[in-house]
Amino acid sequence: MELTPVLRSEWLKIRTLRPLPGALLALFAATTAFSAIAGVSGTSDPDFDPLFTALSGVVPGQIAAVSFGAMAVSSEFQSGGLRLSLAAVPRRGRWFAAKAAVIAVPALLVGLVTALAALLVARAGLGPAADGLGTGEQVRGVVGCGVYLMLMALFAAGLAALLRSGVATLSLLIPFILVVSFVIGDATGTVADFLPDKAGQLVLRETYDGTLGPWSGLAVTALWAAAALLAGAWSLRRRDA
């Protein structure tokens, strides 16, 4: 079976399953709103980084991206949906590749639009404090933010395929993002630099210290996402639908 009809079918599922467009809308709304708030109050921080302040809404907003990836896959495990999908596309690897593609593309596009909107509204609040930001840094921040959100959605999609549960995936990832990175991460030194969220978020910073840089940090997040997708694909091939 050719890949194009599979992509079309999976894209139709994304469009028609109501929580999925809702998650992308929440991604835009939450990220933009939190960045706007940070833009008004961010200059009071002694470690002020204008680029990260402008894009800091992605920290809470990424929960919506993770939810999007997890729900897009976990919906297949409800009411025998996966059996129907695999009856239409017996080659499981091809089906899962199509599923990953239709998660990645909208997550990337919405992530790019969201990052640009967040940067603009935050800059309006920051005023002269953001004048030192160069065009290259802002472009890197917007593009990197879009890629980062896509990778986190794919990371969640891979885990959902492995765990076969959106609830289990979100129960694991949301505390990981909100607790591990900010509490345990600060206590583990260099190890924290290689956590998927901390590594990827380096691309959102104007200045950065440590082992990784913006693009190498994003590459670490990509490796986490790839590992999760491979684990999900392995589980899909080995276990009954």
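List of remarks:
- Set F176, F155: member being within 18 Å of P60 (Cα to Cα) and touching a Phe, Trp or Tyr at 6+ places or on another chain (Cβ under 9 Å): F155
- Of all residues in the stretch 6-52 being of a type in the set (S, T, Y) and at pLDDT 90 or above, the one that is nearest to M152 (Cα to Cα): T31
- Residue in the stretch 148-156 that is small (G, A, S), at pLDDT 95 or above and more than 19 Å from A115 (Cα to Cα) present: yes
- Restricted to the stretch 183-210, and to residues there that are farther than 18 Å from G141 by Cα and at pLDDT 85 or above, the residue that is surrounded by the most Cβ atoms within 10 Å (Cβ to Cβ) is L195.
- Residues (in a loop (DSSP other than H, G, I, E, B) and either β-branched (V, I, T) or under 18 Å from A231 (Cβ atoms) (or both)) located in the stretch 84-104: V89
- Residues considered: L162, L170, L133. Of these, the only one that is of a type in the set (A, V, I, L, M), part of a helix (DSSP H, G or I) and in contact with a Gly (Cβ under 9 Å, 6 or more places away or on another chain) is L162.
Yes or no, residue by residue, for (1) surrounded by fewer than 15 Cβ atoms within 10 Å (Cβ to Cβ); (2) without any contact (Cβ under 8 Å) to a residue 40 or more places away in the chain:
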site: T4; (1), (2): yes, yes
site: S9; (1), (2): no, no
site: L12; (1), (2): yes, yes
site: L27; (1), (2): no, no
site: F68; (1), (2): no, no
site: A72; (1), (2): no, no
site: E76; (1), (2): no, yes
site: R92; (1), (2): no, no
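- Some residue of the stretch 135-158 being open to solvent by 20 Å² or more (accessible area, probe 1.4 Å), over 26 Å from W215 (Cα atoms) and in contact with a helix residue (DSSP H, G or I) (Cβ under 8 Å, 6 or more places away or on another chain): no
- Failed item, numbered, when V59 is tested on (1) open to solvent by 50 Å² or more (accessible area, probe 1.4 Å); (2) modelled with pLDDT of 85 or more: (1)
The values are calculated or read from the model by the stated rules, or taken from the named source; none is laboratory data. Model, not experiment: these values are computed from the prediction. All Cβ positions, even for glycine, are placed from backbone atoms using ideal geometry, and neighbour counts span all protein chains on display. The area values use the complete protein model at the heavy-atom level, side chains included, leaving out ligands, DNA and RNA. Shrake-Rupley method; radii C 1.70, N 1.55, O 1.52, S 1.80 Å.
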